[in-house]
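The values are calculated or read from the model by the stated rules, or taken from the named source; none is laboratory data. If you're wondering where the values come from, they're calculated on a predicted model, not measured in any experiment. Don't worry about glycine lacking a Cβ; one is built from the backbone with ideal geometry, like all the others, and counts go over all protein chains shown. Keep in mind that these areas ignore ligands, DNA and RNA; they rest on the heavy atoms of the full protein, side chains included. Shrake-Rupley method; radii C 1.70, N 1.55, O 1.52, S 1.80 Å.
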Amino acid sequence: MAYLQPTEFVTKLVDAGAAKVFMSTRDTLIRAFMAGAILALAAAFAITINVNTGQPLAGAVLFPVGFVLLYLLGFDLLTGVFTLVPLALMDKRPGVTVGGMLRNWGLVFTGNFAGAFTVAVFMAIVFTYGFTTDPNVIGQKIGHIGEGRTVGYAEHGAGGMLTLFIRGVLCNWMVSTGVVAAFMSTQVTGKILAMWMPIMLFFYMGFEHSVVNMFLFPIGLMLGGNFTFMDYLIWNEIPTVLGNIVGGITFVGLTLYSTHIRTGATRNAAAVPAE
(Lines give C-alpha, C1' and ligand atoms only; values in the text may rest on other atoms or scores of the structure.)
Protein backbone atom coordinates (compact mmCIF):
# COMPACT_ATOMS: atom_id res chain seq x y z
CA MET A 1 0.00 0.00 0.00
CA ALA A 2 1.67 3.23 -1.19
CA TYR A 3 0.77 5.53 1.70
CA LEU A 4 0.55 9.29 1.25
CA GLN A 5 1.29 11.62 4.15
CA PRO A 6 -1.75 13.50 5.55
CA THR A 7 -0.62 16.85 4.12
CA GLU A 8 -0.41 15.22 0.69
CA PHE A 9 -3.79 13.49 0.66
CA VAL A 10 -5.62 16.40 2.29
CA THR A 11 -4.33 18.65 -0.51
CA LYS A 12 -5.75 16.12 -2.98
CA LEU A 13 -9.06 16.26 -1.12
CA VAL A 14 -9.18 20.04 -1.57
CA ASP A 15 -8.32 19.67 -5.28
CA ALA A 16 -11.11 17.10 -5.68
CA GLY A 17 -13.61 19.35 -3.95
CA ALA A 18 -12.77 22.27 -6.26
CA ALA A 19 -13.01 20.03 -9.35
CA LYS A 20 -16.52 18.96 -8.38
CA VAL A 21 -17.69 22.57 -8.13
CA PHE A 22 -16.62 23.22 -11.74
CA MET A 23 -17.81 19.89 -13.18
CA SER A 24 -20.46 20.16 -15.90
CA THR A 25 -24.10 19.60 -14.99
CA ARG A 26 -24.25 16.58 -17.30
CA ASP A 27 -21.25 14.82 -15.78
CA THR A 28 -22.31 15.62 -12.23
CA LEU A 29 -25.76 14.11 -12.79
CA ILE A 30 -24.44 11.00 -14.57
CA ARG A 31 -21.87 10.29 -11.87
CA ALA A 32 -24.41 10.87 -9.10
CA PHE A 33 -27.03 8.67 -10.80
CA MET A 34 -24.60 5.77 -11.09
CA ALA A 35 -23.40 6.18 -7.51
CA GLY A 36 -26.97 6.10 -6.17
CA ALA A 37 -27.82 3.06 -8.29
CA ILE A 38 -24.74 1.03 -7.32
CA LEU A 39 -25.12 1.81 -3.62
CA ALA A 40 -28.79 0.79 -3.79
CA LEU A 41 -27.83 -2.54 -5.37
CA ALA A 42 -25.25 -3.06 -2.63
CA ALA A 43 -27.91 -2.39 0.02
CA ALA A 44 -30.26 -4.93 -1.62
CA PHE A 45 -27.36 -7.38 -1.78
CA ALA A 46 -26.50 -6.96 1.91
CA ILE A 47 -30.12 -7.35 3.05
CA THR A 48 -30.45 -10.48 0.92
CA ILE A 49 -27.39 -11.92 2.65
CA ASN A 50 -28.80 -11.01 6.07
CA VAL A 51 -32.13 -12.72 5.34
CA ASN A 52 -30.60 -15.83 3.77
CA THR A 53 -27.93 -16.35 6.44
CA GLY A 54 -29.61 -14.83 9.51
CA GLN A 55 -26.29 -13.12 10.21
CA PRO A 56 -26.40 -9.28 10.01
CA LEU A 57 -22.63 -9.14 10.27
CA ALA A 58 -22.28 -11.09 7.01
CA GLY A 59 -24.24 -8.43 5.13
CA ALA A 60 -22.26 -5.64 6.76
CA VAL A 61 -18.96 -7.29 5.84
CA LEU A 62 -19.94 -7.48 2.15
CA PHE A 63 -21.94 -4.23 1.76
CA PRO A 64 -18.77 -2.10 1.20
CA VAL A 65 -18.26 -3.78 -2.20
CA GLY A 66 -20.77 -1.31 -3.64
CA PHE A 67 -19.11 1.72 -2.04
CA VAL A 68 -15.68 0.60 -3.21
CA LEU A 69 -16.85 0.01 -6.77
CA LEU A 70 -18.58 3.35 -7.17
CA TYR A 71 -15.59 5.30 -5.85
CA LEU A 72 -13.09 3.39 -7.97
CA LEU A 73 -15.31 4.19 -10.98
CA GLY A 74 -15.20 7.89 -10.10
CA PHE A 75 -18.88 8.33 -9.19
CA ASP A 76 -20.18 10.74 -6.54
CA LEU A 77 -22.29 10.26 -3.41
CA LEU A 78 -24.01 13.10 -1.59
CA THR A 79 -22.24 12.12 1.63
CA GLY A 80 -18.86 12.42 -0.08
CA VAL A 81 -19.42 15.87 -1.60
CA PHE A 82 -20.70 17.08 1.80
CA THR A 83 -17.08 16.70 2.92
CA LEU A 84 -14.99 17.39 -0.19
CA VAL A 85 -16.64 20.53 -1.61
CA PRO A 86 -16.57 22.58 1.64
CA LEU A 87 -12.80 21.96 1.79
CA ALA A 88 -12.37 23.93 -1.44
CA LEU A 89 -14.47 26.72 0.08
CA MET A 90 -12.38 26.73 3.27
CA ASP A 91 -9.21 26.91 1.16
CA LYS A 92 -10.64 29.91 -0.74
CA ARG A 93 -10.04 28.34 -4.13
CA PRO A 94 -10.68 30.89 -6.92
CA GLY A 95 -14.25 30.72 -8.18
CA VAL A 96 -15.50 28.40 -5.42
CA THR A 97 -18.52 30.00 -3.76
CA VAL A 98 -21.33 28.98 -1.43
CA GLY A 99 -23.66 29.10 -4.44
CA GLY A 100 -21.39 26.75 -6.38
CA MET A 101 -21.25 24.36 -3.43
CA LEU A 102 -25.05 24.33 -3.06
CA ARG A 103 -25.44 23.80 -6.83
CA ASN A 104 -23.17 20.74 -6.62
CA TRP A 105 -25.01 19.36 -3.61
CA GLY A 106 -28.39 19.87 -5.32
CA LEU A 107 -27.31 18.11 -8.51
CA VAL A 108 -25.72 15.20 -6.64
CA PHE A 109 -28.86 14.82 -4.49
CA THR A 110 -31.01 14.73 -7.63
CA GLY A 111 -28.75 12.22 -9.39
CA ASN A 112 -28.38 9.97 -6.33
CA PHE A 113 -32.15 9.92 -5.79
CA ALA A 114 -32.84 9.11 -9.45
CA GLY A 115 -30.33 6.23 -9.40
CA ALA A 116 -31.53 4.80 -6.09
CA PHE A 117 -35.19 5.14 -7.08
CA THR A 118 -34.57 3.38 -10.40
CA VAL A 119 -33.03 0.40 -8.59
CA ALA A 120 -35.89 0.48 -6.06
CA VAL A 121 -38.40 0.06 -8.91
CA PHE A 122 -36.32 -2.69 -10.55
CA MET A 123 -35.91 -4.64 -7.28
CA ALA A 124 -39.60 -4.25 -6.38
CA ILE A 125 -40.42 -5.84 -9.76
CA VAL A 126 -38.00 -8.69 -9.00
CA PHE A 127 -39.40 -9.30 -5.50
CA THR A 128 -43.05 -9.39 -6.72
CA TYR A 129 -42.80 -10.87 -10.24
CA GLY A 130 -43.82 -7.55 -11.73
CA PHE A 131 -46.29 -6.69 -8.90
CA THR A 132 -48.39 -9.81 -9.61
CA THR A 133 -47.75 -11.52 -6.24
CA ASP A 134 -46.97 -10.56 -2.65
CA PRO A 135 -43.29 -9.72 -2.01
CA ASN A 136 -41.01 -12.67 -1.33
CA VAL A 137 -39.34 -13.00 2.06
CA ILE A 138 -36.56 -10.54 1.16
CA GLY A 139 -39.08 -8.04 -0.21
CA GLN A 140 -41.12 -8.33 2.99
CA LYS A 141 -38.01 -7.64 5.08
CA ILE A 142 -37.15 -4.54 3.03
CA GLY A 143 -40.76 -3.37 3.09
CA HIS A 144 -40.78 -3.26 6.90
CA ILE A 145 -37.34 -1.69 7.45
CA GLY A 146 -38.75 1.76 6.73
CA GLU A 147 -41.43 1.51 9.41
CA GLY A 148 -39.11 1.45 12.42
CA ARG A 149 -36.91 4.12 10.88
CA THR A 150 -39.76 6.61 10.27
CA VAL A 151 -42.80 6.17 12.49
CA GLY A 152 -40.54 4.33 14.94
CA TYR A 153 -38.57 7.54 15.49
CA ALA A 154 -41.78 9.60 15.52
CA GLU A 155 -43.12 7.62 18.50
CA HIS A 156 -40.27 9.07 20.58
CA GLY A 157 -40.98 12.69 19.58
CA ALA A 158 -38.06 15.09 20.02
CA GLY A 159 -35.88 12.31 21.41
CA GLY A 160 -36.51 10.26 18.30
CA MET A 161 -35.63 13.20 16.04
CA LEU A 162 -32.41 13.79 18.02
CA THR A 163 -31.50 10.11 17.73
CA LEU A 164 -32.13 10.18 13.98
CA PHE A 165 -29.98 13.30 13.54
CA ILE A 166 -27.11 11.86 15.59
CA ARG A 167 -27.24 8.61 13.61
CA GLY A 168 -26.89 10.75 10.47
CA VAL A 169 -23.88 12.53 11.97
CA LEU A 170 -22.20 9.27 12.98
CA CYS A 171 -22.92 7.77 9.58
CA ASN A 172 -21.15 10.43 7.58
CA TRP A 173 -18.31 10.58 10.08
CA MET A 174 -17.59 7.00 9.04
CA VAL A 175 -18.58 7.24 5.36
CA SER A 176 -16.49 10.36 4.77
CA THR A 177 -13.61 8.69 6.57
CA GLY A 178 -13.97 5.99 3.91
CA VAL A 179 -13.91 8.64 1.17
CA VAL A 180 -10.79 10.20 2.66
CA ALA A 181 -9.20 6.79 3.07
CA ALA A 182 -9.37 6.26 -0.69
CA PHE A 183 -6.97 9.20 -1.09
CA MET A 184 -4.40 7.73 1.32
CA SER A 185 -3.07 5.22 -1.20
CA THR A 186 -2.06 5.35 -4.85
CA GLN A 187 -2.73 1.61 -5.28
CA VAL A 188 -6.11 -0.02 -5.90
CA THR A 189 -5.61 -2.67 -3.21
CA GLY A 190 -4.63 -0.03 -0.68
CA LYS A 191 -7.69 2.08 -1.49
CA ILE A 192 -10.00 -0.93 -1.10
CA LEU A 193 -8.54 -1.95 2.24
CA ALA A 194 -8.68 1.59 3.60
CA MET A 195 -12.30 2.14 2.53
CA TRP A 196 -13.72 -1.17 3.73
CA MET A 197 -13.58 -0.83 7.51
CA PRO A 198 -15.47 2.47 8.09
CA ILE A 199 -18.19 1.51 5.59
CA MET A 200 -18.69 -1.89 7.23
CA LEU A 201 -18.91 -0.17 10.62
CA PHE A 202 -21.61 2.32 9.55
CA PHE A 203 -23.77 -0.38 7.96
CA TYR A 204 -23.58 -2.84 10.84
CA MET A 205 -24.30 -0.13 13.42
CA GLY A 206 -27.47 0.92 11.57
CA PHE A 207 -26.48 4.56 11.14
CA GLU A 208 -28.57 6.68 8.77
CA HIS A 209 -27.18 7.25 5.26
CA SER A 210 -29.17 9.66 3.10
CA VAL A 211 -28.45 7.81 -0.19
CA VAL A 212 -29.07 4.27 1.11
CA ASN A 213 -32.37 5.58 2.47
CA MET A 214 -33.29 6.93 -0.99
CA PHE A 215 -33.53 3.23 -1.92
CA LEU A 216 -34.89 1.67 1.28
CA PHE A 217 -37.89 3.94 1.79
CA PRO A 218 -39.30 4.28 -1.74
CA ILE A 219 -39.04 0.51 -2.21
CA GLY A 220 -40.56 0.01 1.23
CA LEU A 221 -43.61 2.01 0.13
CA MET A 222 -43.89 -0.06 -3.08
CA LEU A 223 -43.72 -3.30 -1.05
CA GLY A 224 -46.43 -2.39 1.46
CA GLY A 225 -44.53 -0.66 4.26
CA ASN A 226 -46.85 0.96 6.81
CA PHE A 227 -45.64 4.56 6.55
CA THR A 228 -46.19 7.48 4.20
CA PHE A 229 -43.98 9.48 1.86
CA MET A 230 -44.23 12.44 4.24
CA ASP A 231 -43.12 10.16 7.13
CA TYR A 232 -40.09 9.32 5.00
CA LEU A 233 -39.24 12.96 4.29
CA ILE A 234 -39.87 14.40 7.78
CA TRP A 235 -38.91 11.45 9.95
CA ASN A 236 -35.92 10.29 7.97
CA GLU A 237 -34.55 11.88 4.78
CA ILE A 238 -34.39 15.57 5.77
CA PRO A 239 -32.90 15.04 9.29
CA THR A 240 -30.54 12.41 7.88
CA VAL A 241 -29.26 14.82 5.20
CA LEU A 242 -28.66 17.48 7.86
CA GLY A 243 -26.88 14.98 10.10
CA ASN A 244 -24.76 13.76 7.18
CA ILE A 245 -23.72 17.36 6.40
CA VAL A 246 -22.68 18.03 10.00
CA GLY A 247 -20.86 14.72 10.34
CA GLY A 248 -18.93 15.10 7.09
CA ILE A 249 -17.86 18.69 7.60
CA THR A 250 -17.26 18.75 11.35
CA PHE A 251 -15.59 15.45 12.13
CA VAL A 252 -13.78 14.80 8.85
CA GLY A 253 -13.26 17.78 6.53
CA LEU A 254 -12.75 20.55 9.10
CA THR A 255 -10.54 18.52 11.42
CA LEU A 256 -8.25 17.26 8.65
CA TYR A 257 -7.98 20.68 7.00
CA SER A 258 -7.35 22.60 10.22
CA THR A 259 -4.61 20.33 11.50
CA HIS A 260 -2.84 19.31 8.26
CA ILE A 261 -3.23 22.40 6.02
CA ARG A 262 -3.93 25.35 8.35
CA THR A 263 -1.79 24.06 11.17
CA GLY A 264 -1.38 25.96 14.41
CA ALA A 265 1.84 27.83 15.22
CA THR A 266 4.62 25.55 16.45
CA ARG A 267 5.53 26.05 20.09
CA ASN A 268 8.93 27.66 20.71
CA ALA A 269 11.00 24.97 22.45
CA ALA A 270 13.44 27.56 23.87
CA ALA A 271 10.57 29.34 25.63
CA VAL A 272 9.36 26.19 27.40
CA PRO A 273 10.88 26.06 30.91
CA ALA A 274 12.99 22.99 31.65
CA GLU A 275 11.50 20.55 34.17
* Considering only the stretch 243-258, how many residues are in contact with a Gly (Cβ under 7 Å, 6 or more places away or on another chain) and either surrounded by fewer than 15 Cβ atoms within 10 Å (Cβ to Cβ) or closer than 20 Å to PHE217 by Cα (or both)? -> 2
* **Unique residue being surrounded by fewer than 20 Cβ atoms within 10 Å (Cβ to Cβ), without any contact (Cβ under 8 Å) to a residue 24 or more places away in the chain and out of contact with any strand residue (DSSP E or B) (no Cβ under 9 Å at 6 or more places or on another chain) when the list is LEU102, LEU73** => LEU102
* One residue from ILE38, ILE30 being surrounded by 19 or more Cβ atoms within 10 Å (Cβ to Cβ), at pLDDT 95 or above and touching a helix residue (DSSP H, G or I) at 6+ places or on another chain (Cβ under 9 Å) -> ILE38
* Structure fact -> Of the residues in the stretch 52-70 that are under 15 Å from the mean Cα position of the chain (by Cα) and touching a residue at least 24 places away in the same chain (Cβ under 8 Å), the one that is surrounded by the fewest Cβ atoms within 10 Å (Cβ to Cβ) is LEU69
* Structure fact -> Scanning the stretch 204-225 residue by residue, those open to solvent by less than 40 Å² (accessible area, probe 1.4 Å) and either aliphatic (A, V, I, L, M) or under 23 Å from THR250 (Cα atoms) (or both) turn out to be GLY206, PHE207, GLU208, HIS209, SER210, VAL211, VAL212, ASN213, MET214, LEU216, ILE219, LEU223
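So that you can scan it fast, the table gives a plain yes or no per residue for (1) out of contact with any Asp or Glu (no Cβ under 7 Å at 6 or more places or on another chain); (2) part of a loop (DSSP other than H, G, I, E, B):
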position: THR7; (1), (2): yes, no
position: LYS12; (1), (2): yes, no
position: ARG26; (1), (2): yes, no
position: ALA35; (1), (2): no, no
position: ILE38; (1), (2): yes, no
position: LEU41; (1), (2): yes, no
position: ASN52; (1), (2): yes, no
position: LEU69; (1), (2): yes, no
position: PHE75; (1), (2): yes, yes
* Structure fact -> Among MET195, MET200, MET230, MET214, the single one that is in a helix (DSSP H, G or I) and over 18 Å from LEU77 (Cβ atoms) is MET230
* Condition met for ILE49 (within 30 Å of TYR257 (Cβ to Cβ), crowded, with 18+ Cβ neighbours inside 10 Å and of a type in the set (A, V, I, L, M)) -> no
* To do: Tell me, please, whether a residue that is closer than 24 Å to ASN213 by Cα, polar (S, T, N, Q) and either in contact with a helix residue (DSSP H, G or I) (Cβ under 6 Å, 6 or more places away or on another chain) or crowded, with 19+ Cβ neighbours inside 10 Å (or both) can be found in the stretch 1-12.
  => no
* Asked: Under 9 Å by Cβ, and 6 or more places apart or on different chains, what pairs join a residue from the stretch 108-121 that is in a helix (DSSP H, G or I) with one that is of a type in the set (Val, Ile, Thr) and open to solvent by 40 Å² or more (accessible area, probe 1.4 Å)?
  -> GLY111/ILE30
